[in-house]
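Okay, structure first, notes after.
None of the figures in this text is laboratory data; all of them are computed from the coordinates on show. This is a predicted model, so every value here is computed, not measured. All Cβ positions, even for glycine, are placed from backbone atoms using ideal geometry, and neighbour counts span all protein chains on display.
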Protein chains: 2
Amino acid sequence: MKFVIQRDLLMESIQHVMKAISSRVTIPILTGIKIEATPEGIKLTGSDSDVSIESFIPKEEDGIMNVEEITPGSVVVQSKYFPDIIRKLPLKTLEITTDEKFQVTITSGGSEFHLNGQDAMEYPQLPVMHTDNSFELKNDLLKELIRQTVFAVSTVETRPILTGVNMRIDDQHMHFVATDSHRLASRKIPLENDQSQLSFNNVVIPGKSLAELNKIIDDNEDEITISVTENQILFQTKHLYFLSRLLDGNYPETSRLIPEQSKTTVLTKTKELREAIDRASLLAKENRNNVVKLETKANDRLEISSNTPEVGQVTEEVTTDSINGEDLKISFSAKYMIDALKIIQEDYVKIDFTGAMRPFIIKPNENDQILQLILPVRTY
Amino acid sequence: MKFVIQRDLLMESIQHVMKAISSRVTIPILTGIKIEATPEGIKLTGSDSDVSIESFIPKEEDGIMNVEEITPGSVVVQSKYFPDIIRKLPLKTLEITTDEKFQVTITSGGSEFHLNGQDAMEYPQLPVMHTDNSFELKNDLLKELIRQTVFAVSTVETRPILTGVNMRIDDQHMHFVATDSHRLASRKIPLENDQSQLSFNNVVIPGKSLAELNKIIDDNEDEITISVTENQILFQTKHLYFLSRLLDGNYPETSRLIPEQSKTTVLTKTKELREAIDRASLLAKENRNNVVKLETKANDRLEISSNTPEVGQVTEEVTTDSINGEDLKISFSAKYMIDALKIIQEDYVKIDFTGAMRPFIIKPNENDQILQLILPVRTY
């Protein structure tokens, strides 16, 4: 194998595939990066079995030569050293060659590295996907769907299915839903006409996979193709191939959790409320649940407070735009509420309460695509 | 105590005094920040016994009111919560009041915090300094002196005296010297006329104190006053008072370590050499000493290399401006060499070797104020 390549392009591809590489894998060769040179260009692969990422650098693109002097071949290099070496090379281009003993030579200017590589034949084959369940989304929309749900997945393995985000088609909408059983975040988007044949409801994508995917895809309007099979999902852009296993098991039916009526409705400024709750939780830092109390007051005011006897107490007063319905005293996790408010870009937020012991709903005002739910904490 | 203050000014002072506060102190009240209100302004104090920092916010400065509604008094607040609270308050001003039970009330807009404070009378008194050994330096010069030496102090406590930087007057110069016994960094500056009465040679300032001081003082040409006594040193600017204890014991005589002759002299580009050594050390990451080999070659070239059999090997070739004297093969810690080259701003560096087993000297070309020394590692 031999090729001469632009350092920045190689570096970008390395950073992409590194997102799938973990030092804690049972198959040792998966701690490496697979490099394949073909007459069309260079392909890098990283995988931890759960997630596999391929990044392709075409030989030529838009009339610009990215890779030159290609002699096809492949090798696996140690991911612990390779990225640092490439990043620190002195020139803008570098040459990589291998010999029959999988010795990798990297040269650039006065630098010459010889690395012990491994036979790429020993690297596991990625599965090939066959499915008709394919659709396209714009990158920025997919990033929104991820950002607005993934934070609510469970981080404990007691119910593994809850560590994923449920993607399902229902009622002419695609839904992304995540819950850790204490709170729920959901976002839906209307299906486009050419997506009407799509059908799935128990697709559960590991939250960790989505978080990594979100770091890799650019925030633009390019299309990403998503293909779903029984146990895998593939996200594919022009030069990137992101494959994740799906979680086994049935995702719980979450729609029944959502209260249909409301006893107290608060309309207020999103940022102001978030900052007040953040401050109210400051003295409760060491308290794992970070619980604050919220109480409706006269003249459309909310009082948010917390009390940590050994440290002190805090009271925040928020003047809302309106409070309708019954008076309310409720306690909840400040962290959950801040997480929920953070992903709302709209200036105003509407919160529907159904009493101190019932879950409450947080929505951007005049936007039905986002719905979040938080379970209160029993303190009163 | 009561006052109304600009949040940003208070925050800046808090950040300064926090540099002296540690959670690992034997006197519990030292985990707090002392706040004193006087008719002239607000003084904050933080201390861990070794270092004490006072920051003063004058009531009025350049015709601008910083503090208003002052009722004199004092209190100690918990440093774990106070900075976050102040930073997150909703308005640009805030009010602090205390009651007779040392309850501290902080209000700003709709926020109201009640914190349990402590009696400031229980806070240790800072020592008062009496000395004629005082002089002034410009902030940016002091920062240079610190930056160019403090990295070379010892981080192990086997010889505590080496964890400090030695400041001494000698030969009409002020010298800053640090060594961990494997390398040495020194910087000298000529004494100004009004400093000719100064006399000290065994002043050893803890490296940790200097590192914190460096973070606090601004990089400008304002003057800082430095006063030295038997066991303490005080750095004083208009509104800041930084007191550090000195280290006990005799600092070793370092001037004898410096070879007076040279057998091989290399003149080369600082940055190019540093980057080549950095790359040459990449595969030796796990090797604690991070040793690389340097060898002179024909045509004024240097070869820097390292070999880690289980990973691979690297060779860097550097074309220097000149190599004079004997041929040389020498091994040394890449980390020490990179540290030394990093603090040299000059484009060219001169290295004087006296054989493979003798310490070598690194200097900026045409600048005698900086001198660094590194002991080689025996590998050949």
### Message
So for each of A:273-283, B:113-123, A:320-330, B:141-151 I average, over its residues, the number of other beta carbons within 10 Å; can you give me the resulting order with the highest mean first?
### Response
A:273-283, B:141-151, B:113-123, A:320-330
### Query
How large is ³J(HN,Hα) for each residue in the stretch A:21-36, as worked out from phi by the Karplus curve 6.51 cos²θ - 1.76 cosθ + 1.60 (θ = phi - 60°), to whole Hz, x for Gly and Pro?
8, 10, 7, 9, 10, 7, 9, x, 5, 6, 6, x, 10, 8, 10, 10
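Take every Cα pair under 8 Å in chain A that's 6+ residues apart, average their separations, divide by the length, and report that relative contact order as a whole percent.
The normalised contact order for chain A reaches 12 percent.
With a cap of 16 neighbouring Cβ atoms within 10 Å, and only residues DSSP puts in a loop, list the GluC sites (Glu not before Pro) found in the stretch B:47-112.
Details: sites: B:Glu54, B:Glu60, B:Glu61, B:Glu68, B:Glu69, B:Glu95, B:Glu100, B:Glu112; in loops: B:Glu100.
Of the GluC sites (Glu not before Pro), the ones in loops of the stretch B:47-112 whose Cβ has at most 16 other Cβ atoms within 10 Å are B:Glu100.
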### Task
Enumerate the lysines that B:Lys101 could reach by cross-link, defined here as Cα to Cα under 18 Å, with residues fewer than 8 away along the same chain left out.
B:Lys2, B:Lys34
### Summary
Most fluctuating of A:Leu126, A:Leu184, A:Leu246 in the GNM of chain A (C-alpha, under 10 Å) is A:Leu126
### Message
I need the peptides B:236-242, B:218-224 ranked by packing, meaning the mean over residues of other C-beta atoms within 10 angstrom, with the highest value on top.
### Response
B:236-242, B:218-224
### Summary
Applied in sequence order to the stretch A:79-88, the curve 6.51 cos²θ - 1.76 cosθ + 1.60 (Karplus, θ = phi - 60°) yields integer Hz couplings, x standing for Gly and Pro, of 6, 6, 10, 4, x, 4, 4, 4, 4, 9
### Task
Could you work out, residue by residue across A:75-87, how many beta carbons of other chains sit within 10 Å of that residue's beta carbon, and then give the average as an integer?
2
#### Entry: the stretch A:1-86: trypsin sites (Lys or Arg not before Pro) falling in loop per DSSP and having at most 12 other Cβ within 10 Å
A:Arg24
### Summary
Averaged over residues of A:228-240, the number of beta carbons from other chains lying within 10 Å of each residue's Cβ is 0
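Work out which helices of chain A, taken as complete DSSP H runs, extend at least 20 Å along their axis over the Cα atoms and score a mean Kyte-Doolittle of 1.0 or more, then list them.
Within chain A not a single helix satisfies the rule.
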#### Entry: Cα-based shape type of the protein assembly as shown, given that a ≥ b ≥ c are square roots of the gyration tensor eigenvalues and the cut on a/c is 1.5
oblate
### Top of B:Pro28, B:Pro252, B:Pro160 by mean-square fluctuation, Gaussian network on chain B, Cα under 10 Å
B:Pro28
### Query
Which of the lysines could be linked to B:Lys138 by a straight reach, that is with a Cα gap under 22 Å, when you skip same-chain ones fewer than 8 residues away?
B:Lys19, B:Lys188, B:Lys208, B:Lys215, B:Lys238
### Query
When Cβ neighbours within 10 Å are restricted to other protein chains, what is their mean count per residue of peptide B:110-119?
6
### Query
What is the P(r) of chain A, as percent of Cα-Cα pairs per 20 Å bin from 0?
25, 44, 26, 5, 0
### Message
Among B:335-348, B:188-201, how do they line up by average Cβ neighbours within 10 Å per residue, starting with the highest?
### Response
B:335-348, B:188-201
### Query
Please state the Cα pair-distance histogram of the stretch A:237-366 with 5 angstrom bins from zero: what percent is in each bin?
2, 10, 17, 20, 17, 11, 8, 6, 5, 3, 1, 0
### Task
In whole Hz, with x marking every Gly and Pro, tabulate ³J(HN,Hα) for the stretch A:106-113 from phi via Karplus 6.51 cos²θ - 1.76 cosθ + 1.60, θ = phi - 60°.
10, 10, 7, x, x, 8, 9, 10
### Task
Would you list which lysines come within 30 Å of A:Lys329, measuring only between C-alpha atoms, while excluding same-chain residues fewer than 8 positions from it?
A:Lys263, A:Lys269, A:Lys271, A:Lys285, A:Lys293, A:Lys297, A:Lys342, A:Lys350, A:Lys363, B:Lys80, B:Lys88
### Task
Report, by chain and number, residues whose modeled amide H sits under 5 Å from the one on B:Gly355, excluding near sequence neighbours (fewer than 5 apart, same chain).
B:Lys263, B:Thr264
